[in-house]
Amino acid sequence: QELIDIMDRLQIPPEKRPGICPKIEKPQAFTNIEGIIEKSQALMVARGDLGVELGLNRVPFAQKLLIQRAKQAGLFVITATQMVESMIEAPVPTRAEVSDLCNAVWDGTDAVMLSGEAASGKFPLQAVMAEASATREAETVKHRLRQACPYVSVNASGSMALHPPRMVNCGMALKRQETDHSKRKTKVVASLGPASWSEEMIPKMIEAGVDIFRLNCSHRRGGDFERVYPLIRQAAKDLGRKVECLGDLQGPKFRVGELAGDPIELKNGDILEFGISVDDNDNIRPGRITMKPTVEQKALIAASKVGTDLLLEDGIMKVNVVEKLSDSELKVKVIRGGKLKARKGVNVPDVEIDCAALTAKDIEDAEFLLQLDPPIEHICVSFVQKAQDLQELIDIMDRLQIPPEKRPGICPKIEKPQAFTNIEGIIEKSQALMVARGDLGVELGLNRVPFAQKLLIQRAKQAGLFVITATQMVESMIEAPVPTRAEVSDLCNAVWDGTDAVMLSGEAASGKFPLQAVMAEASATREAETVKHRLRQACPYVSVNASGSMALHPPRMVNCGMALKRQETDHSKRKTKVVASLGPASWSEEMIPKMIEAGVDIFRLNCSHRRGGDFERVYPLIRQAAKDLGRKVECLGDLQGPKFRVGELAGDPIELKNGDILEFGISVDDNDNIRPGRITMKPTVEQKALIAASKVGTDLLLEDGIMKVNVVEKLSDSELKVKVIRGGKLKARKGVNVPDVEIDCAALTAKDIEDAEFLLQLDPPIEHICVSFVQKAQDLQELIDIM
């Protein structure tokens with residue numbers, strides 16, 4: 001209402017009024033959602049602060065509810081925050097991020113947003129293209145999936161039929177967060193490595209939530225497995241926990257050879273030789289790429305033919321065969337160039353390579369695993385293309401005369417397109433199945449993996465197999481102690497798809513935070529389980545016709561071959577909008593047209609960074625670039641909203657220790673800064689309102705919830721006594737969130753009113769204005785009044 005009031009005051013005519021878009025980032029908004037929707041034309045699922053206030057693990061379910069309710073009301077929906085966060089530093093998104101984008105489209109979002117990825121990241125154009133291509137691919141299979149939300153079961157067990165409610169109850173998002181992990185059914189698989197396989201760490205990993213340890217035979221050397229295996233069994237026995245082990249055979253490896261000199265530059269259009277090295281001196285050099293003469297690499301070159309694509313270094317580079325000189329020599333053309341280094345991987349998606357699934361190393365590793373005591377529970381076979389690839393492992397068990405009761409379950413890793421064609425034969429010889437999204441993303445294409453994942457999980461469950469979803473599930477936790485919003489969404493959606501287990505790779509084997517990674521997967525999957533009965537499964541219900549207008553029926557048996565449909569490349573058909581935040585990385589005169597050509601439909605002007613005339617300079621550039629390119633491009637002004645932050649430090653950052661009792665209040669003067677025993681906030685209107693609204697029992701979250709204090713005594717409306725619940729090192733100006741309190745202050749600050757007046761007088765008129773930290777309908781009326 002505050003924004004509406006501004007529009008009224010400025011006498012903005014109806015045809016020039018922007019659509020009002022509340023950012024849902026406070027729990028109170030769920031209680032008041034109907035009043036908020038009534039005054040809105042759009043809605044943003046703002047997962048950043050919402051993840052702090054509501055709890056990270058409750059956001060994916062809340063997102064589904066909000067999208068569906070907003071669509072029922074005819075609103076335009078934007079899903080935002082940490083969608084491709086890794087692309088601030090990397091040129092390609094992770095598997096979890098692509099999964100998150102696709103699931104948002106399948107939930108019904110109208111737009112996906114880039115924040116720091118586009119405003120200040122290293123790869124803003126690639127981030128736009130990643131969102132555009134992933135959402136378009138998701139749209140092409142949307143008619144094959146029935147929507148996962150909001151169909152709600154008649155009873156809590158979910159055993160009754162599912163019926164569409166007339167109106168989604170978004171208040172379901174406020175259900176109590178599940179903390180009882182004894183009820184968790186989804187297993188956590190953790191890869192062991194230097195970060196986690198010590199005698200000290202293994203019991204800690206089990207206590208954190210590991211159910212299955214993965215022994216990656218790619219790294220079997222120096223007696224590590226012989227040392228680790230008994231430690232696992234002893235630790236599980238000591239803790240009274242059932243813990244299983246999974247041996248993962250490396251499988252055939254396809255890599256380019258060594259360099260003759262420096263890395264070589266592959267330029268688009270270059271014609272090169274590509275073959276098996278004839279001797280130890282035939283190394284990679286300008287004009288020639290070689291591979292070592294292993295059995296499997298000879299088979300790869302022999303199987304290649306004119307037109308075959310060879311992908312180098314996880315698909316970063318691509319060459320295409322233009323001439324086959326012999327079974328060991330090719331001529332190739334560079335399609336996508338780059339700098340080629342030694343020993344980089346080679347993938348050949350369109351070729352079934354005629355070589356044994358198990359190499360000499362795999363046979364040796366399998367013999368070791370099969371003779372462990374007690375017996376290992378699972379063995380994974382890599383790069384499975386057909387049923388015969390699994391028979392090789394069965395033959396080894398027969399040769400070693402392993403009795404039936406001691407035989408491990410066979411688990412094929414699905415990472416080659418050929419496996420989808422031959423999936424029924426593969427399933428017949430398996431007891432489990434791994435959706436191995438790493439190489440599958442290279443071979444199938446990143447954007448086709450989320451749909452393939454749904455199909456594989458569902459078909460494997462129909463056949464009674466145990467399903468593991470793997471690779472880049474919480475990739476950011478190799479370096480960070482908490483997962484991103486996209487990663488939590490990916491975990492939850494895997495559970496809702498029906499996976500039995502989620503896996504950690506480098507996060508647990510070599511990352512900085514292996515215990516936190518285990519706990520993140522355990523807590524996210526448990527939370528997802530608690531609402532699973534409220535969602536109908538998104539897959540594999542297939543529409544009777546391509547338009548999806550007919551009723552959806554469950555097939556008797558899922559056709560996994562659907563995953564091999566042609567990847568969509570015609571972006572003129574894309575309906576999901578890409579919203580890109582502007583900033584130093586993207587708001588130059590040169591970059592704005594490039595961003596539009598990459599796929600931007602809406603530019604976000606973040607008023608938190610409105611200063612120095614940047615918006616005045618940028619806005620006409622956007623309008624002119626769109627006109628020059630003949631493209632419809634809209635703009636969205638995002639008001640900062642009230643900010644809640646601790647004040648300045650009197651000295652060094654202070655250590656908050658669990659159990660400490662501290663003062664927490666409004667600073668009485670400019671010298672009343674943060675010091676041991678006292679935390680202060682500046683005396684702004686909204687910060688005074690926060691302290692006044694707090695009461696005994698209120699939790700205050702500091703620095704995105706990394707630290708938490710609880711009010712134990714209220715001394716006055718400006719002074720509290722708090723107890724440290726979750727400690728850490730507190731620095732100056734860190735954010736404060738109070739999830740359980742509706743703060744009695746205007747939604748629009750003095751800065752917001754000034755920014756709104758600026759946005760509302762732009763010519764041509766801006767299309768959307770976002771109001772931050774909306775708690776109730778009145779918060780929007782202020783903007784209407786300004787208009």
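The values are calculated or read from the model by the stated rules, or taken from the named source; none is laboratory data. What you are looking at is a predicted structure, and each value in this text was computed from that prediction instead of being measured. Because the Cβ atoms are built from the backbone with ideal geometry, glycine has one as well, and the counts that use them run over all protein chains shown. The area values use the complete protein model at the heavy-atom level, side chains included, leaving out ligands, DNA and RNA. Shrake-Rupley method; radii C 1.70, N 1.55, O 1.52, S 1.80 Å.
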Legend entry - Local net charge near Gln82, Cβ-Cβ under 11 Å (Lys/Arg +1, Asp/Glu -1): -3
Inset, instruction - Report, in degrees rounded to the nearest 10, the 0 to 90 angle that the Cα long axis of helix 124-141 makes with the longest principal axis of the chain. - result: 70 degrees
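What's the whole-number percent of alpha carbon pairs in the stretch 438-491 lying beyond 12 angstrom? Kindly include the intermediate steps, with their values, before the conclusion.
Working: 1011 of 1431 pairs.
Tail fraction, whole percent: 71.
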Legend entry - Among Gln781, Val712, Cys770 the positive-end extreme of the charge dipole of the stretch 710-787 (Cβ point charges): Val712
Legend entry - Fraction of accessible area attributable to carbon and sulfur, the chain (%, probe 1.4 Å): 49 percent
Legend entry - Cα-centre dipole for the stretch 591-649 with unit charges at Cβ (Lys and Arg positive, Asp and Glu negative), debye to 20: 60 debye
Inset, instruction - Would you mind computing, in nm to one decimal, how far apart the modelled labels at Lys575 and Ala303 are, each placed 7 Å from Cα along Cα→Cβ? - result: 3.9 nm
Legend entry - Correct choice for semi-axes √(5λ) of the Cα gyration tensor in Å that was computed from the model, options [x] 47, 32, 26; [y] 50, 40, 28; [z] 101, 33, 24: [x]
Inset, instruction - Would you mind checking the tilt of helix 387-399 against the longest principal axis of the Cα atoms of the chain, expressed as 0 to 90 degrees and rounded to 10? - result: 60 degrees
Legend entry - Length gained when the stretch Lys333-Glu38 is fully extended (0.36 nm per residue, less Cα-Cα span): 100.4 nm
Legend entry - lysines with Cα under 20 Å of Lys267, excluding same-chain neighbours fewer than 8 positions away: Lys318, Lys331, Lys333, Lys339, Lys341, Lys344
Inset, instruction - Between the alpha-carbon centers of the stretch 264-343 and the stretch 217-244, tell me the distance in whole angstrom. - result: 40 Å
Legend entry - Chain lengthening between Asp270 and Ile394 when straightened (0.36 nm per residue, less Cα-Cα): 40.1 nm
Legend entry - Which of Ala693, Ile289, Leu145, positive extreme of dipole for the chain (C-beta unit charges): Leu145
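Treating only the Cβ atoms of Lys and Arg (+1) and Asp and Glu (-1) as charged, compute the dipole magnitude of the chain about its Cα centre; round to the nearest 20 debye.
In total the dipole reaches around 1440 debye.
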Legend entry - Linear extension gain, Leu325 paired with Asp704, 0.36 nm per residue minus alpha-carbon span: 130.5 nm
Inset, instruction - Taking only protein heavy atoms into account and a 1.4 Å probe, give the accessible area per residue of the chain in Å². - result: 40 Å²
Inset, instruction - Go ahead and collect, in residue order, the members of the stretch 494-519 whose backbone nitrogen is under 16 Å from a label point 7 Å along the Cα-Cβ direction of Arg241. - result: 502-504, 508-509, 514-519
Legend entry - the chain, helix-only ellipticity at 222 nm - DSSP H runs n ≥ 4, -39,500 (n - 2.57), divided by all residues, nearest 500: -9500 deg cm²/dmol
Inset, instruction - Report the antiparallel proportion of the DSSP beta bridges in the chain as a percent, rounded to a multiple of 5. - result: 45 percent
Inset, instruction - Over 20 Å between C-alpha atoms is what I'm after, so list which of Lys23/Lys714; Lys386/Lys413; Lys187/Lys461; Lys292/Lys324; Lys175/Lys643; Lys71/Lys575 land there. - result: Lys23/Lys714; Lys175/Lys643
Legend entry - Cα gyration tensor category, rounded, prolate or oblate, for the stretch 680-753 with a/c compared to 1.5: oblate
Inset, instruction - Using only Cα atoms, find the angle between the long axis of helix 485-497 and the longest principal axis of the chain, and express it within 0 to 90 degrees, rounded to the nearest 10. - result: 60 degrees
Legend entry - the stretch 330-421 - charge dipole about Cα centre, Lys and Arg +1 at Cβ, Asp and Glu -1, debye rounded to 20: 1000 debye
Inset, instruction - Mind giving me the nanometre distance, one decimal, between the label points for Asp670 and Leu259, set 7 Å out from Cα along Cα→Cβ? - result: 5.7 nm
Legend entry - Options Gly445, Pro404, Gly425, ranked by Cα towards positive dipole end of the stretch 380-452, top entry (Cβ charges): Gly445
